[in-house]
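The numbers here are math on the coordinates, done by the rules we state, and not lab data. Here the structure is a predicted model, which is why all the values come from computation and not from measurement. When we count neighbours, we look across all protein chains shown, and the Cβ atoms used for this are built from the backbone with ideal geometry, even at glycine.
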Amino acid sequence: MEARDKFTLGLELPTDPRWINIAEKNIEDILVDHAYCEQKAASSCISLIIQYPEKENLVEELTPIVAEEWSHFERVLEELKKRGYKLGFQRKDEYVEALIKVVRPGGSRNHQLMEKLLMNALIEARSCERFKLLWQHIPDQELSVFYYELMISEAGHYKNFLRLAKSFMPEEIVQARWCELLEEEAAIMKSLEVRGDRMH
């Protein structure tokens, strides 16, 4: 597959089919983990705004995403409450921890920003893919609709992060690095245990 195709189509490796089979039997755990994923997504955008306040287009683009991610956090809490579940404690996110290790340090300020934006895009892309699986397969119709709505939202965030990265670095550099990260992410996915109590 050519680099441009990868850049357009996204993830190299689909989620193992076993994940949804386990996840649909562990909805409480999925919702708890999902809530923390939304909280961390909002925090990540806030962190980028604080680190790069001089990037006006970055601040303008990420501010509404912060609000949207936090609203998603609130909505997941509502879904937990409806089902008599509690938030519980945050779990270790082995997927994100592994991704952080492939971020390249150093380089220009814009290059560092590109790395962070592409990492966010990758996490959003995988979340979107998992939301799609939940929408298509879980028997709870209310949650199915919920995950369809969030799938659309996450797809928009994924595209926003990629577009922002190209606004700070030449497109060919962004595309090349994105393809590398897709391969790294696929390798990480292969190395992780298939667990249905985690969103990633």
- Partner lysines whose C-alpha sits under 26 Å from that of Lys159, ignoring same-chain residues fewer than 8 away, are Lys6, Lys40, Lys55, Lys101, Lys116, Lys132, Lys190
- Tell me, what ³J(HN,Hα) does each residue in region 13-19 have, in order and in whole Hz, if you take phi through Karplus 6.51 cos²θ - 1.76 cosθ + 1.60 with θ = phi - 60° and put x for Gly and Pro? 10, x, 4, 4, x, 5, 4
- Message: Using a Debye calculation, one point per C-alpha and no hydration shell, please list log10 I(q)/I(0) for the chain at q = 0.08, 0.11 Å⁻¹ in order.
- Response: -0.26, -0.50
- Task: Would you mind checking the tilt of helix 27-51 against the longest principal axis of the Cα atoms of the chain, expressed as 0 to 90 degrees and rounded to 10?
- Result: 20 degrees
- Note on the structure: Taking Cα pairs closer than 8 Å and at least 6 residues apart, the relative contact order of region 19-191 in percent is 23 percent
- Task: Any chance you could list P(r) for region 1-95, counting all Cα-Cα pairs in 5 angstrom bins from zero, rounded to whole %?
- Result: 3, 11, 15, 15, 17, 18, 13, 7, 3, 0
- Relative exposure of Arg126, Arg75, Arg18, judged by other C-beta atoms within 10 Å (fewest first): Arg18, Arg75, Arg126
- Compute the long axis of helix 171-191 from its Cα atoms, compare it with the longest principal axis of the Cα atoms of the chain, and write down the angle in degrees, 0 to 90, nearest 10. 40 degrees
- Item | Theoretical ellipticity at 222 nm over the chain - DSSP helices of four or more residues, -39500 (n - 2.57) apiece, nearest 500 | -26000 deg cm²/dmol
- Fully extended contour minus Cα-Cα distance, from Arg91 to Arg18, at 0.36 nm per residue: 24.2 nm
- Going by alpha carbons, how many degrees (0 to 90, nearest 10) lie between the helix axis of 141-168 and the longest principal axis of the chain? 10 degrees
- Note on the structure: Per the C-alpha gyration tensor (a ≥ b ≥ c, the square roots of its eigenvalues), region 100-164 is rounded if a/c is under 1.5, else prolate if a/b beats b/c, else oblate; here it's prolate
